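Student: After the structure tokens below, expect a handful of questions from me.
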Amino acid sequence: MDLEEFNSTPADRLRPALAACCDVPRWVDGILAKRPYGDLAALTAVADQSLRELDDNEVDRALQAHPRIGDRPQGASAEASWSRKEQSGVGDDPEVRQAIAEGNRQYEERFGRVFLICATGLSAQDMLASLRERLTHDDATEAPVVHEELRKIALLRLAKVVDA
């Protein structure tokens, strides 16, 4: 949809598309409340600032909508389709896929949440290197990294919703 359609679509019809970008009701409501947007830069600025203001509980909520790196989400939903495309760099090398699966398990045990990375444009080796490096973080170091990765993913997805 273009920006004009984004501005005029009823909120109840637009809400699922925004939640697919970042499943945090306060973020979705904030985007909707500030319509109409004069240009894509204004929408992106509001979305970006709102993402930066998410608290830890909201980040945790948003993470629940994201599959593990290396999983191949099924279905026709926007989230599943976007995840498949975003993670296309994982590839089919069984050794790398196994290493990522093991890293995911270690990450989830250590941090109690899914490993999140903005995978768009990254190779499997890039993702694996980041996963291994982030496993060395403590909670205080990792939390802002997760928040930033979520922010990047949400903004990329919002640009897919509003393809001006």
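The values are calculated or read from the model by the stated rules, or taken from the named source; none is laboratory data. Nothing here was measured: the structure is a model prediction, and the numbers come from that model. When we count neighbours, we look across all protein chains shown, and the Cβ atoms used for this are built from the backbone with ideal geometry, even at glycine. We work out accessible area using only protein heavy atoms, side chains counted, and drop any ligands, DNA or RNA first. Shrake-Rupley method; radii C 1.70, N 1.55, O 1.52, S 1.80 Å.
Student: Are there any pairs with C-beta distances below 8 angstrom linking a residue in the range 60-72 that is over 14 Å from R97 (Cβ atoms) and charged (D, E, K, R) to a residue that is open to solvent by 20 Å² or more (accessible area, probe 1.4 Å) and at pLDDT 85 or above, with the two at least 6 apart or on different chains, and if so which?
Tutor: Matching pairs, first to second residue: D60/R113; R61/D23.
Student: Please work out which residue is nearest to L156 (Cα to Cα), limiting yourself to the range 50-59 and to residues that are in contact with a helix residue (DSSP H, G or I) (Cβ under 9 Å, 6 or more places away or on another chain) and part of a helix (DSSP H, G or I).
Tutor: Here the residue is L51.
Student: So which of L158, L150 ends up being closer than 16 Å to D60 by Cα, open to solvent by less than 20 Å² (accessible area, probe 1.4 Å) and touching a Leu at 6+ places or on another chain (Cβ under 9 Å)?
Tutor: Residue meeting the stated conditions: L150.
Student: Then there is this: Starting from residues that are of a type outside the set (V, I, T) and not in a helix (DSSP H, G or I), keep the ones in the range 133-164 and report whichever is farthest from A65 (Cα to Cα).
Tutor: Result: A164.
Student: Further question on the same structure: Write out, first by first residue and then by second, each pair whose Cβ atoms fall under 7 Å of each other, whose residues are 6+ apart or on separate chains, and whose first residue, in the range 37-52, is open to solvent by 40 Å² or more (accessible area, probe 1.4 Å) while the second is not in a helix (DSSP H, G or I).
Tutor: Final answer for the pair search is L40/V162; L40/A164.
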